Amino acid sequence: MNRRTIRRRRAVFLHRTALRGGLLLLILAAFTLPACNRQPNGNPADGERWYSLHRCDGCHGEDGIGGRGPELAATELSFRRFASKIRSPHSTVMPAYDEQQLPDEDAADIYLWLVSLEK
Ligand code: HEC
């Protein structure tokens, strides 16, 4: 084997290793990213009922079109952000809903319903 062959082989080896590393990263990302962005389980049809039962519509409008409160239809908030806004709103206008009044499961229903709406 002359030097050039050795160099070429080393290059091929490094290239393959890099490719494999990249592939591994891709696979890892494919498994971990959805976990950060996971949608909650729930029932959007129930969500519509909770939404009017809890009088969200009074401020956020029918079908979440907005009013005294911001538009919520087709919200781009993650469920985590959405839920934290419900537990501790950033204004004194919106009442805070605790787990007793509005359990996480019902909040998830509302969220899924809102996400399903068109802007
Ligand atoms: C009395 C009026 C009022 C009621 C009732 C109300 N909200 Fe709000 N909501 C607001 C106002 C005003 C804001 C904007 C200030 C803020 O972010 O806290 C807001 C903000 C929010 C946000 C954050 C929106 C964003 O894009 O940042 C979410 C999510 C939300 N409300 C959900 C709900 C849900 C779900 C209900 C019913 C369970 C509800 N709200 C009931 C007035 C209200």
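Quick note: the coordinates plus some simple rules give every number you see, no bench work behind them. Computed from a predicted structure; not experimentally measured.
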Quick one: if you take sqrt(5λ) for each eigenvalue of the C-alpha gyration tensor of the chain, what semi-axes come out, biggest first, whole angstrom?
51, 13, 13
Return the single residue from Gly22, Gly66, Gly58 with maximal mean-square fluctuation; model: Gaussian network over the chain, springs between Cα atoms under 10 Å.
Gly22
Test of understanding: in a Gaussian network model of the chain with alpha carbons linked when under 10 Å, which of Thr75, Thr92, Thr17 would top the mean-square fluctuation ranking?
Thr17
Of Ile86, Ile27, Ile65, which is the most mobile in a GNM of the chain whose springs link Cα atoms less than 10 angstrom apart?
Ile27
